[in-house]
Amino acid sequence: DEVKNVEHYLELENLRLAKPCTLLYDIDVSDFALPPLSLQPFIENAIKYSKVNEKTNGFIALSTRSDEQNQILLCIEDNGVGFDPTQIKPSSQGLKNASERLLLILGASVQVESAPNLGTKIKISFMRKETSFKDDKSKE
């Protein structure tokens, strides 16, 4: 469901962008639950700040893996302009709020790796849970 949310969000963004943004996938595992719209703020930041849509071969890539401890490793990466993570303003709330939400709900850790002219990589890791975040209308 979350991949579909990201696709729909990017479709809407591409309607307003002069050059469309390319989304790449490398999904090894998909049998885990994420809260609805939990990836959207990370994708939004990538579009808004990375300027990938201004590059000839600009992209945002979404990948998933699991390790031997049943931990999910989710990565959102772009080949945009990058930034110095130490220069994030204290008033910036988007990444902070999204990261705190994932921490509270999934116990996830979020790491931001970036450097000027080298793009940005967001690494999200958490233990796989059997929880579903869907509304179960069949019980009504």
- Using Cα atoms only, what is the angle between the long axis of helix 40-50 and the major principal axis of the chain, expressed in degrees (0 to 90) to the nearest 10? 10 degrees
- Mind checking which of 106, 39, 88 is farthest towards the positive end of the chain's charge dipole, using Cβ charges of +1 (Lys, Arg) and -1 (Asp, Glu) about the Cα centre? 88
- Item | Dipole magnitude (debye, nearest 20) for region 1-114, charges at Cβ of Lys, Arg, Asp, Glu | 560 debye
- Query: Taking Cα atoms, how many degrees apart are the long axis of helix 2-16 and the longest axis of the chain, rounded to 10 and kept between 0 and 90?
  - Reply: 30 degrees
- Message: Probe radius 1.4 Å, ligands and nucleic acids ignored: give me the carbon and sulfur share of the accessible area of region 57-134 as a rounded percent.
- Response: 52 percent
- For region 82-87, 3J(HN,Hα) per residue [Karplus equation, 6.51 cos²θ - 1.76 cosθ + 1.60, θ = phi - 60°, Hz, x = Gly/Pro]: x, 6, 8, x, 6, 9
- Message: If amide hydrogens are placed 1.01 Å from N in the peptide plane, which non-local residues have theirs closer than 5 Å to the one on residue 108?
- Response: 103
- Item | Accessible-area ranking of 11, 68, 77, 2, largest first, probe 1.4 Å | 68, 11, 77, 2
- Separation in nanometres of the label points that stand 7 Å from Cα toward Cβ, at residue 12 and residue 117: 3.6 nm
- Over the chain, what relative contact order in percent results from Cα pairs under 8 Å that are six or more residues apart? 25 percent
- Query: For the chain, what does -39500 (n - 2.57) per DSSP helix run (n ≥ 4), summed and divided by total residues, give at 222 nm, in deg cm²/dmol to the nearest 500?
  - Reply: -9000 deg cm²/dmol
- Item | Compactness index (Cα Rg / 2.2 N^0.38 Å), the chain | 1.08
- Note on the structure: For region 1-95, percent of DSSP beta bridges that are antiparallel (nearest 5) comes out at 55 percent
- Note on the structure: For 49, 9, the accessible-area ranking with a 1.4 Å probe, largest leading, is 49, 9
- Message: Report the gain in length on full extension from residue 73 to residue 54: 0.36 nm times residue separation, minus Cα-Cα distance, nm rounded to one decimal.
- Response: 4.0 nm
- Among 22-32, 86-96, 52-62, what's the highest-first ranking by average C-beta atoms within 10 angstrom per residue? 52-62, 22-32, 86-96
- Skip the ligands, DNA and RNA, and give the accessible area per residue of the chain with a 1.4 Å probe, whole Å². 63 Å²
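The values are calculated or read from the model by the stated rules, or taken from the named source; none is laboratory data. All figures in this text were calculated on a predicted structure; none of them were measured in a lab. Cβ atoms come from the backbone with ideal geometry, glycine included; neighbour counts cover every protein chain shown. For the accessible areas, the whole protein counts, side chains as well, though only heavy atoms, and no ligand, DNA or RNA atoms are used. Shrake-Rupley method; radii C 1.70, N 1.55, O 1.52, S 1.80 Å.
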